[in-house]
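**Student:** What follows is a single structure, and I will ask about it in a moment.
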Amino acid sequence: MNLRTVTAEIDLFALTHNLNTIKKTAPNSQVLAVLKANAYGHGLERIAKALPQADAFGVARLDEALALRAAGVVKPIVLLEGFFAKEDLAVIGVNNLQTIVHNQEQLEIICQANLDRPLKVWLKIDTGMHRLGINPEEFNYFYEQLKQSENVHDSLVLMSHLACADEISSPSNQQQIALFNKISAGLSEHKSLVNSAGICAFPAAHFQWLRPGLMLYGVSPMQNIDKKLAIKPVMTLKASLIAVRKITQGESVGYGGNWQSKEDTTIGVIAIGYGDGYPRHAENGTPVLLNGRRVPLIGRVSMDMISVDLGIDSIDEIGDVATLWGKGLPVEEVATYATTIPDELLCNITRRVQMTTV
Ligand SMILES: Cc1ncc(COP(=O)(O)O)c(C=O)c1O
């Protein structure tokens, strides 16, 4: 690694391992791998091509799906927010994409369109999250309309999304599962309800299609679940030490001087900052892995640099490489110090970070 270069090492073996772990957890279900937001910051095309065993891919936006097709990806791709305008339907058809329908506007557009061949539709039902989805009482109407439309493939997928899957004991999970079962009872359509947390927590809700994101990337969807499932982090973020300096007790470090040393010590400056996607709100004490130990972040995060307290006896040298998260330092832990979620840290990696694969 060049000095001053920030790298995100993407471990494709870990990715495959995580997918296999999901498949072992739910052997009778198919896997729609969620690749939205640049595959949670890991690189859309890179991740898609490294997942030949996935059964389908899920993206949020049409341009993400088109980028996958342009890269030669031929697997089924589902637009998880559906389409936004009637012009999108031709593009969806030509590119052989599948779409979610979650509102009346989309239903009308699809039923009134003049399409060359029927589209594969996932009908999204709001069972309690109140974000996207039709109301349960609208289900029969939507179902009949879609089944009768020549523009829609014969078999639908019925789907919903759990609001609190990462809180296993939340009563809303069982309420949503029960409502989903009630609405879809007796229908032969394929069904899909669970994301990563739901895969771990609710085997009875696996149905035919799982929709993992986080777990694929080796991030535990809830506390301690990674130990049980043995998933592995896919991204390891690294940057190099570019300065090592002695400071005396009482001296401050960084913008605003908001961290003061309680004793004489050695500080290290690492060439990564919020311009690379390291969270600006990471607190003093956020762990950084350097030469086999954890050292605490001190002072404010700058655009291109952070400072760490190496301790008075430090033997660290310029050029040593630090790990900000990944192998040896879970991104979940760093996210806690930055009062955010790991998903956000991963997605926020910026373009100047060099991505490498191992
Ligand atoms: C509809 C839907 N399904 C599945 C996922 C994947 O969720 P997770 O990353 O928690 O596995 C998402 C992500 O937000 C989603 O919006």
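**Student:** Counting other Cβ atoms within 10 Å, which trypsin sites (Lys or Arg not before Pro) in the stretch 85-137 have at most 15 and lie in a DSSP loop?
**Tutor:** 86, 131
**Student:** What distance in nm separates the simple spin-label points at residue 313 and residue 24, each placed 7 Å from Cα in the Cβ direction?
**Tutor:** It works out to 4.1 nm between the two label points.
**Student:** Would you calculate the volume per residue, in Å³, of the smallest convex hull containing every Cα atom of the stretch 34-97? Intermediate values should be presented prior to the final figure.
**Tutor:** Numbers: hull volume 4.5 nm³, N = 64.
Per residue, the Cα convex hull of the stretch 34-97 comes to 70 Å³.
**Student:** Residue 258 versus residue 70, label points 7 Å from Cα toward the beta carbon: distance in nm?
**Tutor:** Result: 4.0 nm between the two label points.
**Student:** Which FRET efficiency value, to the nearest 0.05, do you get for residue 284 and residue 358 by plugging their Cβ-Cβ distance into 1/(1 + (r/R0)^6) with R0 = 35 Å?
**Tutor:** Once the sixth-power term is evaluated, E becomes 0.65.
**Student:** So, one more: Any chance you could check the Cα centroid distance between the stretch 127-190 and the stretch 227-268 for me, in angstrom?
**Tutor:** 48
**Student:** Need one number: convex hull volume per residue for the chain, Cα atoms only, in Å³.
**Tutor:** Here the figure is 144 Å³ per residue.
**Student:** For residue 341 and residue 55, compute 0.36 nm times the residue count separating them, minus their Cα-Cα distance, and round to one decimal in nm.
**Tutor:** Going from the current span to full extension adds 100.2 nm.
**Student:** For the chain, give me the percentage of DSSP beta bridges that are antiparallel, rounded to the nearest 5 percent.
**Tutor:** Of all bridge pairs located within the chain, approximately 55 percent are antiparallel.
**Student:** Follow-up question, since we're still on this one. As a test of the formula, what do you get for the chain when each DSSP H run with n ≥ 4 contributes -39,500 (n - 2.57) and the sum is divided by the residue count, at 222 nm and rounded to the nearest 500 deg cm²/dmol?
**Tutor:** Dividing the helical sum by the residues of the chain leaves -7500 deg cm²/dmol.
**Student:** Assuming R0 = 30 Å, what is the FRET efficiency of residue 291 and residue 45, from their Cβ-Cβ distance, to the nearest 0.05?
**Tutor:** It comes to 0.30.
**Student:** Which of 160, 112, 78 sits closest to the plus end of the dipole of the stretch 50-163, meaning its Cα is farthest towards the positive end, when Lys and Arg get +1 and Asp and Glu get -1 on the C-beta?
**Tutor:** Result: 78.
**Student:** Check each of the trypsin sites (Lys or Arg not before Pro) in the stretch 206-299 and keep only those in coil by DSSP with at most 16 other C-beta atoms within 10 angstrom; list them in order.
**Tutor:** 262, 280
**Student:** Could you check which residue among 184, 240, 307 shows the biggest mean-square fluctuation in a GNM of the chain with a 10 Å Cα cutoff?
**Tutor:** In the Gaussian network model the winner is 184.
**Student:** Suppose the chain between residue 95 and residue 114 were pulled fully straight at 0.36 nm per residue; how much longer would it get relative to their current alpha carbon spacing?
**Tutor:** Details: separation 19, 0.36 × 19 = 6.84 nm, distance 1.63 nm.
In short, 5.2 nm is gained.
**Student:** Using a 10 Å Cβ count of at most 10 others and DSSP loop calls, identify the longest part of the chain lacking such GluC sites (Glu not before Pro).
**Tutor:** 151-316
**Student:** Using 1/(1 + (r/R0)^6) with R0 = 45 angstrom and r between the beta carbons of residue 248 and residue 5, what's the FRET efficiency to the nearest 0.05?
**Tutor:** 0.90
**Student:** Could you order the peptides 24-31, 202-209 from most to least packed, using the average number of other C-beta atoms within 10 Å per residue?
**Tutor:** Details: 24-31: 14.9, 202-209: 17.5.
Packing proxy ranking, top to bottom: 202-209, 24-31.
**Student:** Have a look at the stretch 175-279 and give its Rg and Dmax from the Cα atoms, expressed in angstrom.
**Tutor:** 23.8, 73
FYI, it's all coordinate maths here, none of it is from the lab. The model shown is predicted, which means the values in this text are computed figures rather than measured ones. Backbone-built Cβ (ideal geometry, glycine too); neighbour counts: all protein chains shown.
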